[in-house]
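S.K.: One structure, pasted below without further comment.
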Amino acid sequence: MNLCSPAVIKKKGKWFIGFIKPDGEFKMKGMIGKLSDVKELSDYMTLKRFLKMKSKGKAPDSFEKEVLEKLDAQTAYILDKPIDLSRKEWEQWWWAEFHKLCLRCQFECKQSHRVDIYDCAFLQGKSP
């Protein structure tokens, strides 16, 4: 599963902000005092909830444990907005998945799952 998300992790009793890369490694951007320090910049959700959303409700608890072990973290929270990401990290976050309508479509105009689609050829029943 491709996580590609900005995150806050707790490691050895300290809080760090960073980015979970496609390979599952955590790239640290800095240290924060407590989780609520990012509340003004971004909303966050637990890793468990994020994994359930990504796997459409079927994420086993063991997968959360595997991810935490790979991150070498006690706990992790996924941020809904990128904070201090490089251009490459931002692109990985934005394009982590295609929109669910685009996955079924034969056209090449794929969009990120982060956008709302109001009009497209697939919805209009047009052929390529």
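S.K.: Out of the residues in the stretch 69-117 that are of a type in the set (K, R) and assigned to a loop (DSSP other than H, G, I, E, B), which is surrounded by the fewest Cβ atoms within 10 Å (Cβ to Cβ)?
M.R.: For the stretch 69-117, the residue satisfying everything is R104.
S.K.: Please list, ordered by first then second residue, the pairs with beta carbon atoms under 7 Å, 6 or more apart or interchain, first in the stretch 11-26 and closer than 15 Å to P82 by Cα, second modelled with pLDDT under 95 and of a type in the set (D, E, K, R).
M.R.: From the stretch 11-26, the pairs are I17/K29; G18/K27; G18/K29; F19/K27; F19/K29; F19/E89; K21/K27.
S.K.: How many residues does the stretch 1-25 hold that are farther than 21 Å from P60 by Cβ and either in a strand (DSSP E or B) or not assigned by TED's automatic domain parsing to the domain that holds I78 (or both)?
M.R.: Qualifying residue count, the stretch 1-25: 10.
S.K.: Still on this structure: Within the stretch 29-47, does at least one residue satisfy the condition of being modelled with pLDDT of 85 or more, in contact with a Gly (Cβ under 7 Å, 6 or more places away or on another chain) and of a type outside the set (V, I, T)?
M.R.: Scanning the stretch 29-47 turns up at least one residue that is modelled with pLDDT of 85 or more, in contact with a Gly (Cβ under 7 Å, 6 or more places away or on another chain) and of a type outside the set (V, I, T).
S.K.: Okay, next question. Starting from the stretch 72-87, keep only residues that are not assigned by TED's automatic domain parsing to the domain that holds K54, then list their pairs with residues that are part of a loop (DSSP other than H, G, I, E, B) whose Cβ atoms are within a distance under 9 Å, requiring at least 6 positions of separation or different chains.
M.R.: Correct list of pairs: empty, since none qualify.
The values are calculated or read from the model by the stated rules, or taken from the named source; none is laboratory data. The shown structure was predicted, so the numbers you read here are calculated from the model rather than taken from an experiment. Glycine also receives a Cβ, built like all others from the backbone with ideal geometry; neighbour counts cover every protein chain displayed.
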